[in-house]
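The values are calculated or read from the model by the stated rules, or taken from the named source; none is laboratory data. Since the model is a prediction, treat every value here as computed from it, not as a measurement. We place every Cβ from the backbone using ideal geometry, glycine too, and count neighbours over all the protein chains shown. Only protein heavy atoms, including side chains, enter the accessible area calculation; ligands, DNA and RNA are left aside. Shrake-Rupley method; radii C 1.70, N 1.55, O 1.52, S 1.80 Å.
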Amino acid sequence: MLRAVVSKPSTIRQIGARSLSSTVDEPHRYQIPNYGPPEEMEEAKKWKYISAAGFIFVGGYFYKEMSSEHPHVHEKPAAYKKIRAKQYPWEASDCNLFDIECKKAFYEAKKAK
């Protein structure tokens, strides 16, 4: 029986055509329509323009705030932040690894001696 089904190419084509036609004929159930009532279309258009205006306003305010000079508070380093359990293994042992200003001051004090 298997031989009879396989030997008939028309039967295989018919089965394939039936399986393809069943998927093609199904309606697109999950497609969102690109139309709606005119009131909803107008409301969507209104909020699109309100959102665009809001983005422009916020962007302009952000640019104004970031481009203008604003105060920076530079506090003195607190003494409690410089607690060391042991000295660092380099020459300027009181300076952190990337503290360039501390190292400059150390080497200037060393040259002055």
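At a glance:
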| item | result |
| --- | --- |
| So Ile12, is it modelled with pLDDT of 75 or more, surrounded by 10 or more Cβ atoms within 10 Å (Cβ to Cβ) and more than 30 Å from Asn96 (Cα to Cα) | no |
| Qualifying residues in segment 81-113 (those that are open to solvent by 80 Å² or more (accessible area, probe 1.4 Å) and basic (Lys, Arg)) - the one farthest from the chain's Cα centre (by Cα) | Lys113 |
| Subset of segment 57-113 [in contact with a Cys (Cβ under 8 Å, 6 or more places away or on another chain) and either at positive phi or in a loop (DSSP other than H, G, I, E, B) (or both)] | Tyr88, Ala92, Asp94, Cys95, Asn96 |
| Residue identified as open to solvent by 100 Å² or more (accessible area, probe 1.4 Å), modelled with pLDDT of 80 or more, out of contact with any Ser or Thr (no Cβ under 9 Å at 6 or more places or on another chain) and of a type in the set (Val, Ile, Thr) among Ile50, Ile32, Ile56 | Ile56 |
| Residue list for segment 59-80, restricted to those being at pLDDT 85 or above and loosely packed, with under 10 Cβ neighbours inside 10 Å | Lys64, Glu65, Met66, Ser67, Ser68, Glu69 |
